[in-house]
Amino acid sequence: MKRIVAEAQGTFVPVLGGCGSAVLSAAFPGLGIGFMGVALAFGLSVLIMAYAVGHISGGHFNPAVTLGLLAGGRFPASQVIPYIIAQLAGGIAAGAVLYLIASGFAANGYGEHSPGGFNLLSGMITEGVLTAIFLIVIMGVTRERAAKGAALIAIGLALALIHLISIPVTNTSVNPARSTAVALFQGDWALSQLWMFWLMPVIGAVIGGAIYRGLAAKAA
């Protein structure tokens with residue numbers, strides 16, 4: 001139960017911090033933080049919560065990460081569903097808070113709802129490839145022989161880099177809980193496109209987890 005609560009709390013902060021910065025601060029007149037600021041907000045949010053509660057739950061905060069770690073042999077199947085439920089609950093709670101504060105949600109989208117007008121195929125490739133890379137980074141920096149102390153920083157910076165690449169394409173998901181949390185409140189088009197922001201991050205995460213598992217086995 002402690003791990004489940006930690007996962008919910010850990011997902012709440014990145015959704016609120018990342019999406020909140022996109023909605024409230026990105027284009028604030030004269031002081032807007034822009035794409036770089038939003039990317040850093042997502043990365044820093046994951047970083048601080050990984051330090052805060054990662055030692056309790058492992059700090060997934062993302063259904064795709066949980067499934068990728070399962071594929072990589074780092075997480076038991078029996079805990080997958082409880083973790084995903086907790087992540088969704090934490091993300092939706094953050095979406096509710098954002099709903100009470102602002103009228104926008106930084107929902108993920110493609111086509112006419114892509115910030116840069118990128119089509120579905122571009123969005124699918126972006127979400128799948130970047131989530132796979134994210135899993136490889138996570139598994140690589142947390143392996144037993146990795147340098148100690150810098151793993152969480154590397155994960156946070158990797159997520160920031162992913163956002164710098166993909167905000168113009170899809171508003172960056174790589175996290176189905178983040179996408180679901182804001183789509184539920186955005187409604188309409190965001191819900192109709194939500195399937196892609198589950199499908200491609202999960203596929204990418206599973207591929208990334210399997211790739212790293214294979215690499216680690218060969219290096220052993």
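Remarks
- Using a Förster distance of 25 Å, the FRET efficiency for residue 36-residue 120 (Cβ separation, nearest 0.05): 0.40
- Per-residue HN-Hα couplings for region 60-76 [Karplus 6.51, -1.76, 1.60; θ = phi - 60°; Hz; x = Gly/Pro]: 6, 6, 6, x, 5, 5, 4, 6, x, 5, 4, 5, x, x, 10, 8, x
- Between residue 141 and residue 192, the modelled label-to-label distance comes to 3.9 nm, taking each label 7 Å out from Cα in the direction of the beta carbon.
- For the chain, the solvent-accessible area of protein heavy atoms averages 45 Å² per residue (probe radius 1.4 Å; ligands and nucleic acids excluded).
- Long-range amide H partners of residue 33 with built H, under 5 Å: 26, 27, 28
- Fully extending the segment from residue 165 to residue 3, taken as 0.36 nm per residue of separation minus the present Cα-Cα distance, adds 55.2 nm.
- Crossing angle, helix 176-186 versus the chain [Cα axis fit, 0-90 degrees, rounded to tens]: 20 degrees
- Share of alpha-carbon pairs per 5 Å distance bin for region 16-140, given as whole %: 2, 9, 14, 20, 22, 17, 10, 4, 1, 0
- Semi-axes of the equivalent ellipsoid for region 20-88, computed as √(5λ) from the eigenvalues of its C-alpha gyration tensor and ordered from largest down, come to 31, 12, 10 Å.
- Sum of -39500 (n - 2.57) over DSSP H runs of 4+, divided by residues of the chain (222 nm, nearest 500): -23000 deg cm²/dmol
- Across region 99-109, coupling constants 3J(HN,Hα) worked out from phi with the 6.51/-1.76/1.60 Karplus curve, θ = phi - 60°, read 4, 6, 8, 9, 9, x, 9, 6, 5, 7, x Hz, and Gly and Pro carry x.
- With Cα atoms, 0 to 90° folded angle of helix 196-219 axis to the chain main axis: 20 degrees
- Span from the region 51-88 Cα centroid across to the region 134-186 one, whole angstrom: 13 Å
- In degrees, nearest ten, helix 120-141 long axis to first principal axis of the chain (Cα): 40 degrees
- In a DSSP loop and with at most 12 other Cβ atoms within 10 Å, the GluC sites (Glu not before Pro) in region 110-192 are 144.
- Label separation (residue 77 vs residue 24): 4.3 nm, computed from points 7 Å beyond Cα along the C-beta direction.
- Counted by Cβ distance under 15 Å from residue 86, the other residues give a net charge of +2, where Lys and Arg count +1 and Asp and Glu count -1.
The values are calculated or read from the model by the stated rules, or taken from the named source; none is laboratory data. Predicted model only: the values in this text are computed from it and were never measured. Backbone-built Cβ (ideal geometry, glycine too); neighbour counts: all protein chains shown. Please note that ligands, DNA and RNA were not included when accessible areas were found on the heavy atoms of the full protein model with its side chains. Shrake-Rupley method; radii C 1.70, N 1.55, O 1.52, S 1.80 Å.
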